[in-house]
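To start, the structure under review is shown below, and the notes come after it.
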């Protein structure tokens, strides 16, 4: 976007580019956790399958999902690096 002076106007987003990248990584971690929960059904609906009580579905997957949500909170709270700060300090 150009202003009256002909200089480019910088768009101000709530988060920086690195924060959005970290949010994407956190989303992928959460999806992986939910994918780990899949499965465990029996071939015959009348029979019960103990596969639903595996370590992967009961313990590992919820820990991965929780880690993904904690990572998301950290990604939001992380202070974005301002590119202009280095120039202002040099003056």
Subset of segment 32-56 (residues that are outside any loop (DSSP other than H, G, I, E, B) and either in contact with a helix residue (DSSP H, G or I) (Cβ under 7 Å, 6 or more places away or on another chain) or surrounded by 12 or more Cβ atoms within 10 Å (Cβ to Cβ) (or both)): 32, 33, 34, 36, 51, 52, 56
Have a look at 23, 11 and point out the one that is surrounded by 11 or more Cβ atoms within 10 Å (Cβ to Cβ) and either part of a helix (DSSP H, G or I) or out of contact with any strand residue (DSSP E or B) (no Cβ under 9 Å at 6 or more places or on another chain) (or both). 23
Exactly one condition in (1) surrounded by 10 or more Cβ atoms within 10 Å (Cβ to Cβ); (2) at pLDDT below 85 is false for residue 73; which is it? (2)
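The values are calculated or read from the model by the stated rules, or taken from the named source; none is laboratory data. Predicted model, so just to flag it, every value in this text is computed and none were measured. Every residue, glycine among them, receives a Cβ derived from its backbone with ideal geometry; neighbour counts consider all protein chains shown.
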